[in-house]
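Each value in this text was obtained by applying a stated rule to the coordinates, not by laboratory testing. Just so it is clear, the structure is predicted and the values come from calculations on it, not from any experiment. Quick reminder, even Gly has a Cβ in these numbers, built from the backbone with ideal geometry, and neighbours come from all protein chains shown.
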Amino acid sequence: MSGSSGNTLRGVYAAKLARTVAYSYMALLLPLYLSSRGLTPLEIGIVLACVGVGNLLMLTLAPALVNLLGLRRTLTILPLTLVLGSLLLLYGNGLAAYILGGLLGSLQRHPDGVGGATRDGSNTPRGGGGG
Amino acid sequence: MDQTLLAEVEADKRTSTFSHYNLAGYAGSALGGLILSLVSMIASKSVGDTLLIACYAAVGVLVSLIYTIMRIPGLVVPSRQMYVHEVAKSNPTLLGLAALRC
C-alpha cells in the first residue's frame with residue numbers, strides 16, 4: 001500500500017473509532033434498554049448470547065463473504081446490518097425481534113466485540129501483495 | 001476485516017499502523033463510555049436510549065460511507081486449492097480460539 005495509503009489508513013482509523021464508540025456504549029446500554037422494555041433477566045441473557053453467536057457467525061463467515069463479494073463490498077454492506085439491528089431494537093416487539101436485532105447488530109463487530117477494544121489487536125492477517 | 005488493509009502497508013510502518021489502529025479502538029471505547037454517561041445525565045432514559053440506538057444505526061451508515069469513498073487497494077487472494085489446504089490445517093486452532101472468545 002503506498003501513495004494514497006495515508007488516506008486509506010485515516011479512513012480505517014476513523015471507521016474503527018466510530019465503531020468502537022458505538023459498541024462500547026451499546027455493550028452497556030443494551031441490557032438496560034432491554035430491561036426497560038420489560039424483558040426478564042433470562043431473556044436479556046438470551047439476547048446477549050445471540051450477540052455472541054452473531055460474532056461467532058461473522059468470524060466464521062467473513063472469509064467466505066470476502067471471497068464472494070470482495071473486500072470493499074463486504075466492508076460497505078456489513079455495517080448496514082447495524083441499521084437493521086437498531087431498527088429492530090427500537091421498533092421491534094417481543095423476544096424474537098430483539099434476538100434478531102442483537103444478531104444483526106453484532107454482525108459487523110469482529111474481534112473488538114463487546115466492551116470495545118480491550119481484547120483487540122492480536123490477529124494480524126497475512127499480508128498479500130496488493131498495491 | 002479492515003485489519004486486512006492494515007497488513008498491506010509497508011513492513012517498516014506496520015507496527016506503528018497497528019498501534020494507531022488499536023489506539024483508535026481504545027479511544028473510541030473510552031469515548032463511548034463517556035457519551036453514555038453524558039447522555040444519561042442530560043436526557044431522560046427513554047429519549048436517551050432512543051437517541052443512542054439511533055446513533056448506533058448512524059454509525060453503521062457512517063462506516064459504510066467511509067468504506068464506499070475510501071480507495072481500497074486490490075488484495076492478492078491465494079488460489080482456492082492453497083486456501084482450502086491452509087484453512088484445513090489451521091481449522092482446529094481457529095475453532096478453538098473462536099470458542100474461547102465466545
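When the stretch A:9-116 is described by a simple charge dipole with +1 on each Lys and Arg Cβ and -1 on each Asp and Glu Cβ, the residue from A:Y33, A:G70, A:L89 located farthest towards its positive end is A:G70. Think of each Lys and Arg Cβ as +1 and each Asp and Glu Cβ as -1; about the Cα centre, that makes the dipole of the stretch A:9-116 roughly 380 debye.
As a calculated quantity, the FRET efficiency between B:S19 and A:N7 at R0 = 25 Å, using C-beta atoms, amounts to about 0.85. Spin-label model, B:A11 to B:V47: label points 7 Å out along the Cα-to-beta-carbon direction sit 5.8 nm apart. Sorting B:M1, A:M58, B:M41, A:M26 from the fewest to the most surrounding beta carbons within 10 angstrom yields B:M41, B:M1, A:M58, A:M26.
Projecting label points 7 angstrom from Cα along Cα→Cβ for A:L69 and B:N91 puts them 2.5 nm apart.
Spin-label model, B:R101/A:T60: points 7 Å from Cα along the beta carbon direction are separated by 1.3 nm.
When a/c reaches 1.5 or more, the comparison of a/b and b/c decides; with that in mind, is the stretch A:9-73 rounded, prolate or oblate per its Cα gyration tensor? The shape class here is oblate.
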